[in-house]
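Below: one structure, written as C-alpha cells.
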Amino acid sequence: MKLVMKFGGTSVGTGENIRHVADVVTEYASKDNKVAVVVSALAGVTNSLIETACQAKKSEANHIETFTKKLLHKHQEAIATAITSKAIQKEVTQITEKTISELEKVLTGICYVGELTPKSKDYVASFGERLSAPIVWGAIKDHKAETQCFTGKEAGIVTDSNFGEAEPLMNFTTHLIRERLGPLVDKGVIPVVTGFIAADQDGIVTTVGRGGSDYTATILGVALQVDEVWIWTDVDGIMTTDPKIVSSARMLPQLSYQEAAEMAIFGAKAMHPRALGPVSKENIPVRIRSTLHPDNPGTLITKEPYAKATEAVKAVALIKDVAMVNVNGAGMVGAPGSYAKVFDVLGKNNVNIMMISTAISEANMSMVIRRNLVGRALSTLEIALLGRGVVTEVTAEDDVAVVAVMGANMKGTRGVASRIFATVANAGINIRMIAQGSSELNISFVVKEKDGTAVVRAIHDEFQLDKA
Ligand code: ADP
Ligand code: ASP
Ligand code: MG
C-alpha cells in the first residue's frame, strides 16, 4: 500500500514517543508499503510559541531568552531519547540550535517593532514543526531506513496569503509535490514533512490553521495518490464524544466524509475541519488511529455512511472558546439588507461566523464566533452600524459553549430535537440559542460554558451512545 502517515503533537510529545513513531513507520515501510510522513510540533509547543510572540509584541523582551532556552532543552532531551546514533544526534542538534537561534532573532525583532502581524505570527508558529520534523527524521534514519526531511514549502505546498488560515493552491501544489516527493516515495525513501506550515506564492511562510497537520496529510495524500491517509493520534479513533468528557465514549468504526467533516467542524478535535476536502473529492479513505494501540484499526472515513437504520444520533461535541454576539434593533424589522450589513462588516474584518439564529420578528440576530474575536466583532459592528437608525444595540456573552448533536440519520427522523431539548431541560439547564443546519446532520445550541460538560454527558446518556 502507499500511505501518508500523520503523527499529531500528542504522538510526538517526548523522545520516547518519537522513537515509537519511528518504530511504527519503519515497520510498515519494511513490509513493502510506500510511506510518506507528516509531523506536528511537539505537544504544547505551538501554543507556547504563539503566547511568547504575543508577549514579545508587548515588548517583554526578558521572556524571550528564558523561553528559547527551555525550548532548546525540551528538543535536546527528545533528541537524546529518540536517536541512539551519536552522529545523527549531532546532526539533528546542529539543525535544532540553528533553528532556535533564528527564532530568538525573530522574537527579538517583534519585540523591537512592537507589532505582531498575522504574517509574523505564522512565521513564529512555524518553528514548532521546523523543530519536530528533523527529530522524527533522525529517529527514522537511526532505524537504518532511507529518509529525507522537508518543510511544507520545500515539499511544494503553496497557499494563498491568508495568513493563519491559508488555503492550498491545489493544482500547483499537486504538481510540485509529485515532482519533488513522488520519485522518492516510489523508490522507498520516506519523506518526513512538517505539517501545518506552507508558503505563499512569494515564498513567505503561511500556516493552514490550528490543527492543520491533518490538512497537510490529506493534501499530500491526494498529490501522491495514496491508498489511505492515516492520522495517528492519542485516542482510538473518532468517538461518540470527547473521551475526556465522557469516559465511556465509544469509538465509531466507520464514518462518511460528510459526517466526519461535520464532526470536525463542530469540535471533534481529532480532525482539522478542512482536512477532508481534498480526499473526499478523490475518494481516498482516511483512518484515524491510536499510536497507543497501533493494532486497533481505528475509524475509517470513506464515502459511505455507516449508520444503523435506528441510529439517529451518532455523536455529541462540546465547542468551547466561543462567544455569542447579539445584534438588536427594531429598525431591522422589514429592512432589506440589514443582515447583509452585519455579515459584510464581520467578513471584511475576518470574523468567521460559526452559527446564526434570528427571531421571526427580525428585531434580533445572534451569532456564535471564536471568543478571541469578540473585541474585534463588537468594535467593528459598533463603528459601522450604531447610530444609523437600524441597529440600536450590539452585545456579547463570552461565558458560553456550543453543544452539537450529530448523525446522518437525524435527517427526517422525527422527535430527535424534542428528545434533545427535553434532556437539557430535565438537567435544569437553560438554552441560550438554537440552530439546525438545513443538512439536518446536526442540531447545535448554546448553553452557559459551566453547563456544557453536564449537557454533553446527559445527551450521551439519553441516546445511549456508549452502546453499539
Ligand atoms: P493530535 O495532537 O494527534 O492532532 P488533537 O489534540 O488534535 O490530537 O486531537 C485528539 C484529541 O481530540 C483527543 O485527545 C480528544 O480529547 C479530542 N476529541 C474531542 N472530541 C473527540 C471525538 N469525538 N473523538 C475523538 N477525540 C476527540
Ligand atoms: N502544531 C499545530 C497546532 O498545534 C498543527 C497541528 O498540531 O496539527 O495547531
Ligand atoms: Mg490535531
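Structural remarks
- When the residues of the stretch 440-468 are filtered to those that are hydrophobic (A, V, I, L, M, F, W, C) and over 25 Å from Ser366 (Cα atoms), the one that is surrounded by the fewest Cβ atoms within 10 Å (Cβ to Cβ) is Ala468.
- Any hit, the stretch 236-258, residues being within 21 Å of Lys467 (Cβ to Cβ), within 14 Å of ligand 3 (Cβ to nearest atom), open to solvent by less than 10 Å² (accessible area, probe 1.4 Å) and outside any helix (DSSP H, G or I): yes
One line per residue, one yes/no per condition, for (1) free of Cβ contacts under 8 Å to residues at least 12 places away in the same chain; (2) over 20 Å from Ile356 (Cβ atoms); (3) not in a loop (DSSP other than H, G, I, E, B):
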residue	(1), (2), (3)
Val405	no, no, yes
Arg414	yes, yes, no
Ile431	no, no, no
Ala435	no, no, yes
Ile443	no, no, yes
Val447	no, no, yes
Thr453	no, yes, yes
Val456	no, yes, yes
Gln464	yes, yes, no
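- Selection within the stretch 140-153 - of a type outside the set (Lys, Arg) and under 29 Å from Pro168 (Cα atoms): Ile140, Glu146, Thr147, Gln148, Cys149, Phe150, Thr151, Gly152
- Residue in the stretch 323-342 that is touching a Gly at 6+ places or on another chain (Cβ under 8 Å), modelled with pLDDT of 90 or more, open to solvent by less than 20 Å² (accessible area, probe 1.4 Å) and not in a loop (DSSP other than H, G, I, E, B) present: no
- From Val345, Val394, Val400, Val390, residue being within 30 Å of Ile238 (Cα to Cα) and either at pLDDT 90 or above or in contact with a helix residue (DSSP H, G or I) (Cβ under 6 Å, 6 or more places away or on another chain) (or both): Val400
- Residue count, the stretch 25-49 (criterion: more than 21 Å from the chain's Cα centre (by Cα) and open to solvent by 10 Å² or more (accessible area, probe 1.4 Å)): 9
- Residue list for the stretch 72-93, filter: among the aliphatic types (A, V, I, L, M) and either open to solvent by 70 Å² or more (accessible area, probe 1.4 Å) or touching a helix residue (DSSP H, G or I) at 6+ places or on another chain (Cβ under 6 Å) (or both): Leu72, Ala78, Ile79, Ala82, Ile83, Ala87, Ile88, Val92
- Qualifying positions in the stretch 260-282 - of a type outside the set (Phe, Trp, Tyr), assigned to a loop (DSSP other than H, G, I, E, B) and over 17 Å from Thr216 (Cα atoms): Gly267, Ala268
- Every test in (1) in contact (Cβ under 8 Å) with a residue 24 or more places away in the chain; (2) in contact with a Leu (Cβ under 8 Å, 6 or more places away or on another chain) is passed by Ala29 save one, and that test is (2).
- Hey, Pro191 at pLDDT 95 or above, more than 16 Å from ligand 2 (Cβ to nearest atom) and not in a strand (DSSP E or B) or not: no
- Positions within the stretch 350-377 being among the aliphatic types (A, V, I, L, M) and open to solvent by 50 Å² or more (accessible area, probe 1.4 Å), in sequence order: Met354, Ile356, Ile360
- Matching option when the condition is open to solvent by 70 Å² or more (accessible area, probe 1.4 Å), among the β-branched types (Val, Ile, Thr) and farther than 18 Å from Trp232 by Cβ, among Thr96, Thr66, Thr52: Thr66
- The residues on offer are Lys281, Lys314, and the sole one that is open to solvent by less than 90 Å² (accessible area, probe 1.4 Å) and at pLDDT below 95 is Lys314.
- Exactly one residue out of Val286, Val208, Val226 is away from ligand 2 (no atom under 16 Å from the Cβ) and open to solvent by less than 30 Å² (accessible area, probe 1.4 Å), and it is Val226.
- Condition met for Lys69 (of a type outside the set (Gly, Ala, Ser) and over 26 Å from the mean Cα position of the chain (by Cα)): yes
The values are calculated or read from the model by the stated rules, or taken from the named source; none is laboratory data. All figures in this text were calculated on a predicted structure; none of them were measured in a lab. Using ideal geometry, Cβ is built from the backbone for each residue, glycine included, and neighbour counts are taken over all protein chains shown. In case anyone asks, the SASA skips ligands and DNA or RNA and just uses the protein heavy atoms, side chains included. Shrake-Rupley method; radii C 1.70, N 1.55, O 1.52, S 1.80 Å.
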